[in-house]
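Working notes for the structure below.
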Amino acid sequence: MRYIKLFYWLFFPGLLVCPHTSFTQVPEQIPKTTTSVAEDTMVTVEILQGVRKLEFRKLNDSTQLQILAGNVKLKQGNTLFDCDSCVINNNSNTFEAWGHVHINDSDTANAFSNHLLYIINKKIAYLDGGVTLTDGKGSLTTPDLEYDVDTKIGIYKNGGKVINKKSVLTSKEGYYYTDLKDIYFKGNVELKDPAYYIKTDSLLYNTETETTRFIAETFIKDSSGRTIETKEGYYNMKTGKAEFGQRPIIHDGKTTIIANRVAFDDSSGTSEAEGHAVIVDSVQGTTILANKIFRNNKTDAVLATGKPLMIVKQDKDSIYITADTLFSARLSDLYGKKDSVVKDTVKGTQVVNINEKDSSNRYFEAYHHVRIFSDSLQAVSDSLFYSFKDSIFRLYDDPVIWAKDSQVTGDTILLYTKNKKADRMKVFEKSFLVNKLDPEIFNQVRSTRMDGYFKDGTIDSVRAAGFAECIYFIQDEDSAYSGINESKSDLLDIYFVNQELNKVVFRSSVTGTVWPIKQKDPKEMRLQNFRWLEERRPKTKFELFE
């Protein structure tokens, strides 16, 4: 029988060597404890009670074998060994065991296999044949394993599987740090859990904290269908908290999230995206960009700060909206009931019917320094409210709307949209329309209330009602100014062609004067509270990204 072999795959402490110099057959019943000492390493091995057979065999002048068989129990330091049989070689400083091998390493870890080879002077063990390693939390199975007793690190390179509660993780290679309860997986790594599926090339996993750390390109899918693509980060299965870096991409139903860093807390249902963050809602056709975006995944509420920008997608003329803060949520959460009585500061009390599952069950708000840009229309205000249910932009606190060379101001402006294009508007209190003709020359209309109408998204006409006043420059066929109409009326209509003021029609009794152009300085013709606010106007959509 050959007792010296070259083996692989490791595990734990414990070592044996023999000091005897001749072959000896000993009685089948041996003393309770026998101690052996290797002359060159001085490693002490204690043979515990239960061994039925002990013998020594000399192979040559330098090599002696110590043979143990039958319910072998050994101890070296704090490490315990159990096996059916073993051989100790004093020359190669190896200990080899067969059959029901069990290693208990200071109660830190337990290993089981069919065969063990231990290198005494290097304190490295090799296990093979149905290897199992457990740290009390997770359990690893692999064909063969190498274990360093000093560092308490186990290594496998021919495939392994770790089971921890309901989680099953497989990989080609693995490095098991039993003291730390950390495992480094490498090559074709897959983690399957009732709540998550993870596929990557490399990751770290802690069996005690149940925390997974991502260190390579990783794909994650949870039970809700949410997917995550990331290159770094962590996920704690106990707490439900996770964080991902290097611009992860998250697809959550209709929503896509991209940012430099994204953090989740599934226990509270909240997430945070930071650093050039982007949230795309494919159903609503909206995109939010900001330095920081907070999201409640349970209610779909979104709060964006740090130069936030919302893009409302349209076929040809998307709307860009920016402010200090943007907030979006479900209308049903705002109103609370399916059929709610809502008090609107502009429209009065009304009943709003809301279907919670309807895609129009959303609204967004913008606070402070609101700016809006589209190719056909621009606007500013201090705050804004938009409902996807009625498609109305509500602009509050000194709002201004521009359409080409025309400007509209008032206390509050409601801009109605249809198919995401401007359809009509209502201007309440201190309504003022200015149409620029040339530098310092402006057509002007002032009234209590204005209603504007758009055609194909561009301004077509405006009706001014309530103490309406007008300054209108009359032009001849060559566009030369011939006179100035300064009039008052309770009701008048203004018509546009190609977004330029074309004519003014008075609908009720009119009082006023038509001045020859030579009698008045056009630069001085101004209605009370006249303002031309071109400096506040967004000139391009790129301004909103600054």
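No value in this document is a laboratory result; all are computed from the given coordinates. Keep in mind the model is a prediction, meaning the values are calculated, not measured. Note: ideal-geometry Cβ built from the backbone for every residue, glycine included; neighbour counts use all protein chains shown.
Add -39500 (n - 2.57) for each DSSP H run of 4 or more in the chain, then divide by its residues: what number comes out at 222 nm, to the nearest 500 deg cm²/dmol?
Theoretical 222 nm ellipticity from helices: 0 deg cm²/dmol.
Under a straight-distance cross-link criterion of Cα-Cα below 14 Å, which aspartates and glutamates are reachable from Lys420, leaving out those fewer than 8 residues away in the same chain?
Asp315, Asp317, Asp375, Asp390, Asp456
Sorting check: for 471-484, 179-192, which peptide has the highest mean count of neighbouring beta carbons within 10 Å, and how do the rest follow?
Top of the packing list down: 179-192, 471-484.
Do the alpha carbons of any pairs in Lys418/Lys503; Lys192/Lys221; Lys161/Lys241; Lys53/Lys75; Lys221/Lys241 sit beyond 19 Å of each other, and which pairs?
Over 19 Å apart, Cα to Cα: Lys418/Lys503; Lys161/Lys241.
Step through the table entries Lys313/Lys455; Lys165/Lys254; Lys152/Lys231; Lys157/Lys238; Lys123/Lys165; Lys313/Lys430, compare each Cα-Cα distance with 25 Å, and write down the pairs that go over it.
In this structure, Lys165/Lys254; Lys152/Lys231; Lys157/Lys238; Lys123/Lys165; Lys313/Lys430 exceed 25 Å between Cα atoms.
At a Cα cut-off below 18 Å, give the aspartates and glutamates reachable from Lys523, other chains included and same-chain residues fewer than 8 away excluded.
Straight-distance partners of Lys523: Asp405, Asp438, Glu440, Glu469, Glu486, Glu534.
Please report the spacing between the Cα centers of the stretch 130-174 and the stretch 46-107 in Å, no decimals.
Here the answer is 24 Å between Cα centres.
Could you give each residue of the stretch 313-322 its phi-based ³J(HN,Hα) in whole Hz, using Karplus coefficients 6.51, -1.76, 1.60 with θ = phi - 60°, and x for Gly or Pro?
My calculation for the stretch 313-322 gives 6, 9, 4, 10, 9, 5, 9, 10, 10, 9 Hz in order.
Any idea which of Val427, Thr141, Ala259 is furthest toward the positive side of the dipole for the chain, if Lys and Arg beta-carbons carry +1 and Asp and Glu beta-carbons -1?
It is Val427, whose Cα lies furthest towards the positive end.
Which of the peptides 221-234, 380-393 is most tightly packed, and how do the rest follow, judged by the mean count of other Cβ atoms within 10 Å per residue?
Ranking the peptides 221-234, 380-393 by packing returns 380-393, 221-234.
Taking the Cα centre of the chain as origin and charging only Cβ (+1 Lys, Arg; -1 Asp, Glu), how large is the dipole, in debye to the nearest 20?
880
At a 10 angstrom cut-off on C-beta neighbours, averaged per residue, how do the peptides 141-149, 489-497 rank from highest to lowest?
141-149, 489-497
Distances over 40 Å make up what percent of all Cα-Cα pairs in the chain?
Here the tail beyond 40 Å accounts for 53 percent of pairs.
Which of Ser487, Ser267 comes first, and how do the rest follow, when ranked by fewest Cβ neighbours within 10 Å?
Ascending Cβ contact count within 10 Å gives the list Ser267, Ser487.
Per 0.36 nm of contour for each residue apart, how much would the distance between Thr227 and Thr151 grow if the chain were fully extended, relative to their Cα-Cα spacing?
Full-extension gain reported as 23.6 nm.
Rounded to the nearest 0.05, what FRET efficiency do Thr513 and Asp390 have when you use their Cβ-Cβ distance and R0 = 45 Å?
That gives a FRET efficiency of 0.60.
Sort His251, His115 so the one with the fewest other Cβ atoms within 10 Å of its own Cβ comes first.
The most exposed by this proxy come first: His251, His115.
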